[in-house]
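The values are calculated or read from the model by the stated rules, or taken from the named source; none is laboratory data. Please read these numbers as outputs of a predicted model, since none were measured by experiment. So basically every Cβ, Gly included, is an ideal-geometry build from the backbone, and we count neighbours across all protein chains shown.
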Amino acid sequence: MLRHLLLTAVAGLCFTTASARADGSGLALLYDQSVVSGGTSGGASPTQHASTFSVQLADDFVVDDDAGWTINQFAFAITFTDPNGTPPGQPPYDIFVYPDAAGLPAASAACEYPATPGTLDSTLPGGQINVTVPLAPACFLPPGQYWVQVSPVLDVPYSLWGYNTTASAVLHEPVFRNPDDSYETGCTGWTVISACLLNPSGGTPNLQFQVFGSIGAGDSIFADGFDG
């Protein structure tokens, strides 16, 4: 039954192309996966951080500057798939940035930010909802491939949300895990989403997100865990 509810939440959603936006902080846009190849986004994939059920999604990006990146903020284009709609107030978010390990997130995070305050904006045209989450301290990443995983710290009755997705595939396919298998997917470790969930577009589009910060090392946490 739980697996059926999860698949129904995915299959019942379709969105026009939407993009996460900067918050006017003056940070550089380092990576933009908010709109790809025009068209419409394929749908949304549920994720949550609730007391009983934990469903997590991650997508990858590439740090392509030799000096590395200092990441100060992520932005995500999302929707809430729970019948209760958008939760009141501003929930915190768990954000983890993982190095790549053979096409999947590594076992240990490079930077982690549990229960981090963010800003949820549901006033945008077309029903678009954006979440921006500043990182404090910032996360410095040397060149390479990384995965970002964000989960709202929510509980019932506002426990399901979804990412808006891109029109076409970018880099690796997003990965999914449900550690306690409460949704009966069988994907208790990181697994490509197509092996775990139905996709409403019939393909494997990626998650819409943006990375903000600066090139080089600033006042940040290095990927080795030391302050910079």
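Things worth noting here:
- Cβ-Cβ distances below 7 Å connect the following pairs, each with a first residue in segment 56-78 that is under 19 Å from Pro92 (Cβ atoms), a second residue that is basic (Lys, Arg) and part of a strand (DSSP E or B), and a separation of six or more residues or different chains: Gln56/Arg177.
- Members of segment 198-228 that are of a type outside the set (Gly, Ala, Ser) and at pLDDT below 65: Leu198, Asn199, Pro200, Thr204, Asp219, Ile221, Phe222, Asp224, Phe226, Asp227
- Positions within segment 123-151 being at pLDDT below 80 and either surrounded by 15 or more Cβ atoms within 10 Å (Cβ to Cβ) or not small (Gly, Ala, Ser) (or both), in sequence order: Thr123, Leu124, Pro125, Gln128, Ile129
- Candidates are the residues of segment 174-192 that are surrounded by 15 or more Cβ atoms within 10 Å (Cβ to Cβ) and modelled with pLDDT of 85 or more; the one that is farthest from the chain's Cα centre (by Cα) is Cys187.
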